[in-house]
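The values are calculated or read from the model by the stated rules, or taken from the named source; none is laboratory data. It should be emphasised that the depicted structure is a prediction, and the values quoted were computed from it without experimental measurement. Quick reminder, even Gly has a Cβ in these numbers, built from the backbone with ideal geometry, and neighbours come from all protein chains shown. For the accessible areas, the whole protein counts, side chains as well, though only heavy atoms, and no ligand, DNA or RNA atoms are used. Shrake-Rupley method; radii C 1.70, N 1.55, O 1.52, S 1.80 Å.
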2 protein chains.
Amino acid sequence: VSKRIGIIGAGTAGLQLGLYLRQHKIEATIFTDRTPEDYTSARLPNTVAHHAVTIQRERALGIDHWNTEDHGYFGHHYYLGGPDPLRFYGDYHAPSRAVDYRIYHPQLMNDFTAQGGVIDYRPISEADIDTLSAQFDLLVVCTGKGGFGKLFARDAAHSPHEKPQRQLCVGVFKGIDQLPTRAVVWGASPTQGELIEIPYLTFGGMATALVFENHIGGDLEVLTHTKYGDDPAAFRKLMLDKLATHYPMTYERTDPREFDVANSPLDILQGAVTPTVRETSVALDNGTIALALGDLHATVDPVLGQGGNMASHAAWVLGEEIVAQDVFDHRFVEVVDARRRDRVLAATRWTNFMLGALDTLPAEFQGFIGALAQDRKLADEFTDNFNFPEKQWDVFAHPARIGAWLTRDRSQNDLVGAAAG
Amino acid sequence: VSKRIGIIGAGTAGLQLGLYLRQHKIEATIFTDRTPEDYTSARLPNTVAHHAVTIQRERALGIDHWNTEDHGYFGHHYYLGGPDPLRFYGDYHAPSRAVDYRIYHPQLMNDFTAQGGVIDYRPISEADIDTLSAQFDLLVVCTGKGGFGKLFARDAAHSPHEKPQRQLCVGVFKGIDQLPTRAVVWGASPTQGELIEIPYLTFGGMATALVFENHIGGDLEVLTHTKYGDDPAAFRKLMLDKLATHYPMTYERTDPREFDVANSPLDILQGAVTPTVRETSVALDNGTIALALGDLHATVDPVLGQGGNMASHAAWVLGEEIVAQDVFDHRFVEVVDARRRDRVLAATRWTNFMLGALDTLPAEFQGFIGALAQDRKLADEFTDNFNFPEKQWDVFAHPARIGAWLTRDRSQNDLVGAAAG
């Protein structure tokens with residue numbers, strides 16, 4: 001049996017898949033137009049956290065290059081603003097880690113070629129797909145660039161939104177004190193926005209990523225539309241003002257004189273994401289299957305940090321099935337989809353649910369947050385379940401589920417947790 | 001949380017589900033119009049084999065009442081007729097067993113009530129569903145009687161046939177010598193029919209079930225339309241003639257003077273099955289979910305003996321999820337379906353594939369049978385995979401898969417087998 005795998009796109013999904021395949025001696029070629037060197041002068045692509053389940057896969061792939069003791073973080077501080085603010089903390093079962101993808105991706109590219117993987121550096125677009133299909137037994141598409149989105153139809157049943165739900169302003173900053181024990185600080189300014197503060201490894205060492213999730217038409221949206229380069233001092237002042245007003249839990253550790261981009265103006269990324277799920281595969285003219293992976297399959301808003309983890313999960317499942325199966329046909333896709341579907345869809349659905357609930361604050365959601373603030377065990381479970389979005393969807397899929405989850409018998413929890421890995 | 005489960009239908013699916021729930025102290029009520037006593041004078045409902053995976057579940061449920069050493073069978077003899085007949089044998093990893101459902105179902109009903117389950121003896125029809133939905137948190141429908149098929153729409157994508165693919169004549173007989181080691185004898189008379197001969201525990205002890213799968217319009221179809229009661233001697237002579245012509249592998253062990261129904265004329269069942277998959281659930285007016293289970297969810301032709309096993313698998317999965325989850329909503333159904341879907345659909349698809357392939361004998365299918373006849377290891381694997389229909393579908397889903405399966409590296413097989421249970 002012939003297993004020549006073509007991977008279009010050198011993001012987390014494509015690179016982890018390529019590394020998995022090389023570990024199993026399978027021929028893999030990655031197509032990208034960016035060399036490892038290009039990343040040094042590139043704009044921040046995003047600020048993606050890898051949770052423990054992803055780090056476990058990275059360990060298995062031999063790419064766990066950044067020890068979590070020095071670079072990871074250990075839980076979430078939650079801050080819900082308003083007249084009577086709530087603050088509480090929840091622990092992970094094992095640390096998460098956020099490494100600047102301008103470090104992470106070139107490192108994995110070098111790892112991949114060191115393992116005998118081939119990287120073909122050239123621009124590839126949707127028009128090249130038929131040519132490529134003759135050279136490979138399976139094509140995996142994991143980039144939105146090059147018009148590949150057109151190949152995979154939008155899955156309307158799982159794409160409730162036609163436009164972005166937040167205006168984003170994302171950056172890597174210095175001048176914010178780390179907490180004594182590193183943690184994400186996850187804040188909400190009700191009806192205005194959310195801020196996710198992430199301990200972040202960038203070029204110069206540990207810094208702080210700030211992900212401003214600004215409600216459209218609100219007081220914070222200006223952060224998305226103000227350009228740092230136009231007037232750096234004014235930008236810094238604006239951001240500090242907004243932190244002081246909306247996110248005191250971060251502002252209280254910020255030194256206004258030191259506060260600035262960590263490396264350069266390229267550390268700022270502004271824009272918005274339309275949450276979209278696409279069809280998982282398409283049969284090309286010669287019968288070869290093209291399979292969507294990672295962001296191209298499902299794009300989520302970054303508010304819950306699910307994108308990288310679901311891409312990594314899906315890449316691993318796909319790698320296992322490429323190893324296990326001999327023929328890459330519709331049945332192959334069906335088996336892959338059955339194994340990745342629930343986690344990918346749950347990440348999407350849970351993220352979309354939270355975007356809505358954080359905007360409209362329904363009573364049962366307020367009750368949920370209030371209960372977590374009162375009960376550390378619940379806060380720990382919710383926090384650790386960022387690893388397992390399907391468990392979060394089990395909590396939020398129906399209003400009745402929230403109350404059932406809050407009051408359920410947890411005496412068996414240690415056993416369940418041990419089996420969940 | 002309230003978990004009152006109503007189960008409509010007292011077949012294998014409903015009874016095994018009820019027993020699972022009682023084992024976990026969950027309230028379960030089964031509705032049926034037949035008492036255990038009614039079964040003594042009932043017509044043979046079918047002749048269902050339970051494979052090792054099902055017997056394992058029966059053991060866990062405490063209903064493994066018939067030891068396999070005395071009542072089970074250990075593999076399949078295959079016979080493919082034609083000018084140059086093929087005969088070969090394949091082993092199971094553990095025995096299968098076929099118990100007359102006129103013994104099995106009343107026994108399980110008694111087991112269920114002994115475990116605190118409630119059986120409500122009355123006719124129930126689709127018109128009662130709204131009344132019932134007020135009394136239960138979840139309704140499980142596992143009978144085709146009472147018009148419940150109307151509640152669950154036909155799943156056209158997985159129901160390729162509008163009418164039966166075989167005319168069936170099924171019966172329990174005496175006068176056929178058991179093989180020295182009990183086994184199913186699975187014979188095909190190319191383009192005319194298949195005969196499955198099953199060691200079968202009925203009222204008087206071990207006898208032989210014969211399942212005649214007669215191609216429509218062929219020489220054997222007359223078996224489906226000739227009534228035993230009209231002239232028993234003529235019926236016996238007709239069946240013996242057909243056995244002699246089409247199924248010598250069974251005829252050679254038949255004593256014409258002894259050959260007859262094992263118990264009474266009620267041992268004969270004639271008819272036909274339209275393979276049908278239905279939607280898995282429906283939300284009733286008050287929000288309660290009605291979920292289809294067993295034959296009502298997926299009806300298969302009996303040619304591969306998959307019906308009882310997929311019903312038992314689905315019942316077990318459903319039981320586990322009723323125990324694990326607190327709210328019986330669409331998410332509940334989604335999780336149940338994700339866990340039962342591949343096995344149920346694979347049983348259906350594989351059965352439909354075999355019905356077609358046994359009729360048209362495509363070259364790659366003939367090659368497959370020829371290869372099994374030459375290689376005992378392959379015959380064993382194929383035979384044991386009657387336990388795992390999804391593995392059979394992995395072989396037959398695409399013509400290229402057959403060749404890949406025949407030639408694949410099996411050096412890891414023992415490991416894989418150990419993990420597959």
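Observations on the structure shown:
- Overall Cα dimensions of the range A:110-165, principal axis frame, Å, largest first: 42, 27, 20
- Quarter the surface of the alpha carbon convex hull of the range B:145-275 and you get the mean projected area, 9.9 square nanometres.
- Long-range tail of P(r) for the range A:166-240 (Cα pairs > 15 Å, %): 58 percent
- Solvent-accessible area per residue for the protein assembly as shown (1.4 angstrom probe, square angstrom): 39 Å²
- Label-point separation in nm, B:E37 to A:L240, each point 7 Å along Cα→Cβ: 9.1 nm
- For A:S281, the residues 5 or more places off, or on other chains, whose built amide H falls under 5 Å of its own are A:A292.
- For the range B:95-192: rounded, prolate or oblate by the Cα gyration tensor [a/c cutoff 1.5]: oblate
- Residue by residue along A:320-326, Cβ atoms of other protein chains within 10 Å of the local Cβ number 2 on average.
- Copy-to-copy label distances for A:S411, where each label lies 7 Å from Cα along Cα-to-Cβ, are 5.1 nm in order of increasing length.
- Counting only alpha carbon atoms, the long axis of helix A:307-324 and the longest principal axis of chain A meet at about 30°.
- Nearest to the axis that brings chain B onto chain A is this chain B residue, judged by its Cβ, with the distance in whole Å: B:A338, 4.
- Positive-end ranking of A:P85, A:T68, A:Y104 along the dipole of the range A:48-104, with charges on Cβ about the Cα centre, is headed by A:Y104.
- Farthest towards the positive end of the charge dipole of the range A:221-350, among the residues A:T245, A:V336, A:A234, is the Cα of A:T245, using unit charges on the Cβ of Lys, Arg, Asp and Glu.
- Under the Karplus curve 6.51 cos²θ - 1.76 cosθ + 1.60, θ = phi - 60°, whole-Hz ³J(HN,Hα) for the range B:396-403, x wherever Gly or Pro sits: 10, 5, 8, x, 5, 5, 4, x
- For the protein assembly as shown, alpha-carbon Rg relative to the globular expectation (2.2 N^0.38 Å, N residues): 1.09
- Area buried, chain B against chain A - accessible surface, total, 1.4 angstrom probe, square angstrom: 1600 Å²
- Sulfur and carbon atoms: percent of accessible area, the protein assembly as shown [1.4 Å]: 51 percent
- Out of every Cα-Cα pair that the range A:1-51 contains, those further apart than 16 angstrom amount to 51 percent.
- Tail fraction, Cα-Cα pairs, the range A:206-323, threshold 20 Å, whole percent: 58 percent
- Phi-based couplings in Hz for the range B:230-242 (Karplus 6.51, -1.76, 1.60; Gly and Pro marked x): 5, 6, x, 5, 5, 4, 4, 5, 4, 5, 5, 4, 5
- Measuring heavy-atom accessible area with a 1.4 angstrom probe and counting protein chains only, the residues of the range A:372-413 that give up at least 40 Å² relative to the chain alone are A:R401, A:A404, A:R408.
- Label point of B:G271 (7 Å along Cα→beta-carbon): distances to the other copies' equivalent points are 6.1 nm, sorted ascending.
- Charged side chains reduced to their Cβ positions (Lys and Arg at +1, Asp and Glu at -1) give the range B:278-421 a dipole of some 340 debye around its Cα centre.
- Ordering A:F152, A:A13, B:T32 by the projection of their Cα atoms onto the charge dipole of the protein assembly as shown, which places +1 on the Cβ of Lys and Arg and -1 on the Cβ of Asp and Glu, puts A:A13 at the extreme positive end.
- Charges were assigned to the Cβ only: +1 to each Lys and Arg, -1 to each Asp and Glu. The resulting dipole of chain A about its Cα centre is roughly 120 debye.
- About its Cα centre, the dipole of the range B:120-249 is roughly 320 debye, where the only charges are +1 on Lys and Arg Cβ and -1 on Asp and Glu Cβ.
- For A:P83, the point set 7 Å out from Cα toward Cβ sits 9.4 nm from its twins in the other copies, listed from shortest up.
- The DSSP beta bridges internal to the protein assembly as shown are antiparallel in roughly 65% of cases.
- Cross-link pairs beyond the 25 Å C-alpha cut-off, checked among B:K163/B:K227; A:K163/A:K391; A:K174/A:K237; A:K163/A:K227: A:K163/A:K391
- Partners for B:K25 among aspartates and glutamates (Cα-Cα distance below 18 Å; same-chain residues under 8 apart left out): A:D409, B:E58, B:D111, B:D137, B:E320, B:E321, B:D326
- Semi-axis lengths (Å, descending) of the ellipsoid that matches the C-alpha gyration tensor of chain B: 35, 25, 20
- The modelled label-to-label distance between B:Q115 and A:L266, using points 7 Å beyond Cα along the C-beta direction, is 6.5 nm.
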